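What follows is a single structure, written as structure tokens, with notes after it.
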Amino acid sequence: MGTHVLFPGTFDPPTLGHLDLVRRAARLFERVTIGLAENPAKQALFGVPERLALWKECTAGLANVAVARVPGLVVATCEELGCQAVLRGVRSVSDYDFEVQMAGTNRALAPGVDALLLPSAPELAHITSTLVRQIAALGGDCSKLVPPPVVAALRKRFAS
């Protein structure tokens, strides 16, 4: 496509579903930037620097993928980085409804930035960062839900 896409989110922590979307986007776009946002309304398990490091480790083999901090509005980061589109994963109809509303708002704020909604792979659509955090906090095995670097970070975080 010859463009640059931003994949924003809190990614606390990154999951196999997130990584699948990044890999698919890396085949579609010249450049993919994973944008790590801070949501003051959420209590983060991993700080932004930790999530930056995790994403860099998880995407080390993808030459056209970078990781950046999103300090404010996603569309402002798109304009700053020269991204033509925002990538969002869609797992369900409720995700779709929310993302369409967000895409319309972003388009009003930055008409030159399009939205790309990519459906999750069916075998990964059930995975959420919230469930991963809950499973890890209770001592469960998350190795089928998150990439190996994240498994290690979760084990370290919740070591007894």
When a footprinting reagent is the concern and you count Cβ atoms within 10 Å, what order do 58, 142, 83 take, fewest first? 142, 58, 83
Angle between the chain longest axis and helix 48-58 axis [Cα atoms, degrees, rounded to 10]: 90 degrees
Would you kindly state how much longer the chain becomes between residue 94 and residue 137 on full extension, computed as 0.36 nm times their sequence separation minus their alpha carbon distance, in nm to one decimal? 12.8 nm
Which aspartates and glutamates have a Cα less than 18 Å from the Cα of residue 144, not counting those fewer than 8 places away in the same chain? 12, 20, 57, 123
Given an 8 Å cut-off on Cα distances and at least 6 residues of separation, report the relative contact order of the stretch 4-157 as a percent. 30 percent
Restricting attention to the stretch 24-128, which GluC sites (Glu not before Pro) occupy a DSSP loop and are surrounded by at most 10 other Cβ atoms within 10 Å? 123
In order over the stretch 28-43: 3J(HN,Hα) from phi, Karplus 6.51/-1.76/1.60, θ = phi - 60°, whole Hz, x for each Gly or Pro, gives 8, 10, 5, 9, 10, 10, 7, x, 8, 9, 9, 10, x, 7, 10, 8
Taking all pairs of distinct Cα atoms, average 1/r, flip it, and tell me the Kirkwood hydrodynamic radius of the chain in Å to one decimal place. 16.0 Å
I'd like the isolated cysteines in the chain, meaning no second cysteine's beta-carbon lies under 4.7 angstrom from theirs. 58, 142
Treating only the Cβ of Lys, Arg, Asp and Glu as charged (+1, +1, -1, -1), what charge dipole size does the chain show about its Cα centre? Round to the nearest 20 debye. 400 debye
Trypsin sites (Lys or Arg not before Pro) in the stretch 1-46 lying in a DSSP loop, each with at most 13 other Cβ atoms within 10 Å of its Cβ, come to 42
Leaving out same-chain residues fewer than 8 places away, which lysines sit with a Cα under 23 Å from that of residue 42? 56, 156
Taking 126, 4 and counting other beta carbon atoms within 10 angstrom, the fewest-first order is 126, 4
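Rule-based calculations on the coordinates, nothing more; no lab input. Predicted model only: the values in this text are computed from it and were never measured. Quick reminder, even Gly has a Cβ in these numbers, built from the backbone with ideal geometry, and neighbours come from all protein chains shown.
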